[in-house]
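*Asks:* Dropping the structure in here first, questions after.
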Amino acid sequence: MNTPAKLVTYVAGLAVVFGAALGVGSAVGEVGAPPKATAPSESAGPASAGHGESTGHGDKNGGQNSATAKPAQAAAQDTPGGLQVSQNGYTLTPLTATIKAGEPTDFAFTVTAPDGRPVTDFQVQHDKKVHFIVVSRDLTVFQHLHPEEGAGGVWTVKLTLPEAGVYRAYADIFPTGASALTLGTDLFAAGDYAPKALPQVSRTAEVDGYTVTLDGDLTPGKSSKLTLKVSKDGKPVTDLQPYLGAYGHLVALRAGDLAYLHVHPDGEPGDGRTKPGPEITFYAEVPSTGDYRLFLDFQHGGTVRTADFTARAGQAAAPAASPAATPSADPSGSPASDHDSTPHGH
Ligand SMILES: [Cu+2]
């Protein structure tokens, strides 16, 4: 229910910033020249980079956009989730100071409201009030956890950071009366730390005898359809089990800053059109070119497993923009370059 509304708000936010970017472009460029249709890949960078400034420019377009979004909210929506420990007055506050590598820890936290008090009223999203995602900052460790609600707005989760290092923890929440947001904080486990390289771009992932393939391309600034196909022993899996109200749950994180991105499943169990595999479809929107880590949770045979991929958004191999603003809507031709960019297997 809330997801479409969130998407609309987010798209509206992008529209405002996109409009602001065009406004800046035409103000700086030749006067009287018709504003060129900016290619999506060109506009996505500056639009998503200039969050701070965009609010003011957005005001200039307020007359056009007043019906769709308030400028201040639009700017907040434009910032990817997970990068801030505090947003819109809501703050993620860890209550557990020390976590030792490899040791299960009862990690506790609150989310405080603008009035400073812990939030106790959350909307359920995908079957849970709080989705708690933990990744190593090198994006090789991923955990999707669901904390227990305690008295006074204190949440507790059994957490094991497998190795020494720096981790990012996200609380994906929807405080009642506010809007959905994802707060993030760093976690630390002391000890020798050897960060791993980002796994190579790949369209295939193996986990526990399952093979998951990724079809579709991430296009900056556009809702991108991703289809993940699950097979086992060479046969398509057609009896996936619902997990968190869907046949799969996909988290997308940007390499470099670990921005947590919007991903919406297409369809849900029992809607009369969504099949329990082998394919699971999502719509993901990435704000920029670059590499992203995708983590797919799916349930089969009573066990939830995670398949992970590194995917590249945009075509880094072809930086020379084609003069014609051709929206790269058709994904044909890109898989080949993905293979070219992975000369060495793992
Ligand atoms: Cu969750």
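The values are calculated or read from the model by the stated rules, or taken from the named source; none is laboratory data. Note that the structure is a prediction, hence the values are computed from the model and not measured. Neighbour counts are summed over all protein chains in view; Cβ atoms, including those assigned to glycine, are modelled from backbone coordinates with ideal geometry. Side chains included, ligands, DNA and RNA excluded: accessible areas come from the protein's heavy atoms. Shrake-Rupley method; radii C 1.70, N 1.55, O 1.52, S 1.80 Å.
*Asks:* Sort out which residues of segment 204-224 are within 16 Å of ARG312 (Cβ to Cβ) and under 18 Å from the mean Cα position of the chain (by Cα), and write them in order of number.
*Replies:* Residues satisfying the conditions are LEU214, ASP215, GLY216, ASP217, LEU218, THR219, PRO220, GLY221, LYS222, SER224.
*Asks:* Now a separate question. Assess whether LEU159 counts as being surrounded by 19 or more Cβ atoms within 10 Å (Cβ to Cβ) and within 16 Å of the ligand (Cβ to nearest atom).
*Replies:* yes
*Asks:* List, please: which pairs have Cβ atoms under 8 Å, are six or more places apart or on different chains, and start with a residue in segment 120-143 that is closer than 18 Å to ASP106 by Cβ and end with one that is within 14 Å of the ligand (Cβ to nearest atom) and part of a loop (DSSP other than H, G, I, E, B)?
*Replies:* That search, which allows pairs on different chains as well, returns VAL130/HIS146; VAL130/PRO147; PHE132/HIS146; PHE132/PRO147.
*Asks:* Taking segment 214-245, which residues are within 14 Å of ARG305 (Cα to Cα), within 16 Å of the ligand (Cβ to nearest atom), touching a residue at least 60 places away in the same chain (Cβ under 8 Å) and not hydroxyl-bearing (Ser, Thr, Tyr)?
*Replies:* GLN241, LEU244 - these are the residues of segment 214-245 that are within 14 Å of ARG305 (Cα to Cα), within 16 Å of the ligand (Cβ to nearest atom), touching a residue at least 60 places away in the same chain (Cβ under 8 Å) and not hydroxyl-bearing (Ser, Thr, Tyr).
*Asks:* Quick check on my filter: what residues within segment 266-298 are open to solvent by less than 40 Å² (accessible area, probe 1.4 Å), assigned to a strand (DSSP E or B) and either within 16 Å of the ligand (Cβ to nearest atom) or within 11 Å of LEU240 (Cα to Cα) (or both)?
*Replies:* Passing the criteria: ILE280, PHE282, LEU294, PHE295, LEU296, ASP297, PHE298.
*Asks:* For segment 124-148, what are the residues that are assigned to a strand (DSSP E or B), within 14 Å of the ligand (Cβ to nearest atom) and open to solvent by less than 50 Å² (accessible area, probe 1.4 Å)?
*Replies:* Matches in segment 124-148: GLN125, HIS131, PHE132, ILE133, VAL134, VAL135, PHE142, GLN143, HIS144, LEU145.
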